[in-house]
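Working notes, beginning with the structure itself.
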Amino acid sequence: MEEMKRLNRELMYKGAILDIYKDTMEFANGTQEEWDFVHHRMGAAAILPVLPDGRIVMVRQYRNALERETLEIPAGCRDSVTEDTGICAAREMEEETGYKSSHVEYLLSLRTTVAFCDEFVDVYVAKDLEKGTRHLDDAESIDVEIYTLEELCQMVYEGKIQDSKTVAAIMAYSNKIKG
């Protein structure tokens, strides 16, 4: 593999959780190119909430980047770079769905878009769900929907669920309980 070298990194935009940079990269043969790089300062957590009967609690919300609603597992950014992702995942689940759990188990970690972004998401599974209280942010409009694992897998295969953290969580959980 060719050796790459970053010659320069210039901050183009500083947002609430994202910084966008223009990197000047040099290939081993001396060719230079400009690449975009998105730094996610907080990291995130997501959770697959499983009801006692095995059905899964999902959230449907509008996503501006896609200009449509998507079906996803509950997720959100950490409150600080030191916040435990398991605590973050459990908090987001209760805020978005109204369910809480004392049984939160790590499932997997993923990088959402490795070509240009360093965001990571730790994904958990929650069981022994209890009804809590939803605490939506003022700017959130989220519908709670419940599906079987089989229905969700089918939606993944049909392209109806495309969110990477959600696809990864559904497929990993399906594999884990069948394996």
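Structure notes:
- Each Lys and Arg contributes +1 and each Asp and Glu -1, all at the Cβ; summed about the Cα centre of the stretch 1-127, the dipole is approximately 280 debye.
- GluC sites (Glu not before Pro), loop per DSSP, at most 15 other Cβ atoms within 10 Å - longest free stretch of the chain: 4-66
- The residues of the chain expose on average 57 square angstrom of accessible surface per residue, using a 1.4 Å probe on protein heavy atoms.
- Longest segment of the chain lacking chymotrypsin sites (Phe, Trp or Tyr not before Pro) that sit in a DSSP loop with at most 13 other Cβ atoms within 10 Å: 28-115
- Equivalent ellipsoid semi-axes - Cα gyration tensor, the stretch 97-142, angstrom: 26, 18, 5
- Cα centroid separation, the stretch 129-179 to the stretch 39-53 (Å): 10 Å
- Convex hull of alpha carbon positions in the chain: directionally averaged projected area 12.6 nm².
- Carbon/sulfur fraction of accessible area - the chain, other protein chains in place, 1.4 Å, %: 49 percent
- Among Ala115, Leu149, Val57 - extreme Cα towards positive end, dipole of the chain, charges at beta-carbon: Leu149
The values are calculated or read from the model by the stated rules, or taken from the named source; none is laboratory data. Here the structure is a predicted model, which means the values were calculated and not measured. We place every Cβ from the backbone using ideal geometry, glycine too, and count neighbours over all the protein chains shown. Surface accessibility is based on the protein's heavy atoms, side chains included, excluding ligands, DNA and RNA. Shrake-Rupley method; radii C 1.70, N 1.55, O 1.52, S 1.80 Å.
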